[in-house]
Amino acid sequence: MMSRELMLIVLGYIVAVNFVTFALFGYDKYCAQHGKWRVRETTLLFWSAIGGALGAGLAMEFFHHKTLHLKFKFGVPFLLFVQIVLVGLLLTNPGNIVEKILSR
């Protein structure tokens, strides 16, 4: 069983990364509408890849942003699937995964 402290750290990380990702997509949409400097697509995809795929997907729907770009249309759901699987593995078999990561 995963320790309570470690679960809180993982949960806090997931919430924070998804919040930042959602905000970045919203800011990029604002910039697009107002002719300002935009957030790079690589930055948006990076934040999506490091755990923010849920925030990215929600932002894409909420702001109607990047929904026609294939790398976002298919990439974000794929990243979300991978992240759900990884979190599921972490929650169901945390000892092996976390111990191997921390022991290196």
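The values are calculated or read from the model by the stated rules, or taken from the named source; none is laboratory data. What you see is a predicted model; the values in this text were computed from it and never measured. For neighbour counting, all protein chains shown are included, and Cβ atoms are generated from backbone atoms with ideal geometry for every residue, glycine included. SASA here: full protein model, heavy atoms, side chains in, ligands and nucleic acids out. Shrake-Rupley method; radii C 1.70, N 1.55, O 1.52, S 1.80 Å.
Numbers below:
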quantity	calculated
Leu54 being in a helix (DSSP H, G or I) and touching a helix residue (DSSP H, G or I) at 6+ places or on another chain (Cβ under 6 Å)	yes
Residue check, Leu11 of a type in the set (A, V, I, L, M, F, W, C), in contact with a Pro (Cβ under 8 Å, 6 or more places away or on another chain) and either farther than 12 Å from Ala56 by Cα or in contact (Cβ under 8 Å) with a residue 12 or more places away in the chain (or both)	no
Selection status of Leu6, within 19 Å of Leu80 (Cα to Cα) and assigned to a helix (DSSP H, G or I)	no
Of the criteria (1) modelled with pLDDT under 95; (2) surrounded by 13 or more Cβ atoms within 10 Å (Cβ to Cβ), which one Arg104 fails	(2)
Residues located in the range 28-51, provided they are over 19 Å from Ala16 (Cα atoms) and assigned to a loop (DSSP other than H, G, I, E, B)	Gly35, Lys36, Trp37, Arg38, Arg40
Of the criteria (1) under 25 Å from Gly12 (Cα atoms); (2) open to solvent by less than 100 Å² (accessible area, probe 1.4 Å); (3) of a type in the set (A, V, I, L, M, F, W, C), which one Cys31 fails	(1)
From the options Glu5, Glu41, residue that is among the acidic types (Asp, Glu), open to solvent by 100 Å² or more (accessible area, probe 1.4 Å) and without any contact (Cβ under 8 Å) to a residue 60 or more places away in the chain	Glu5
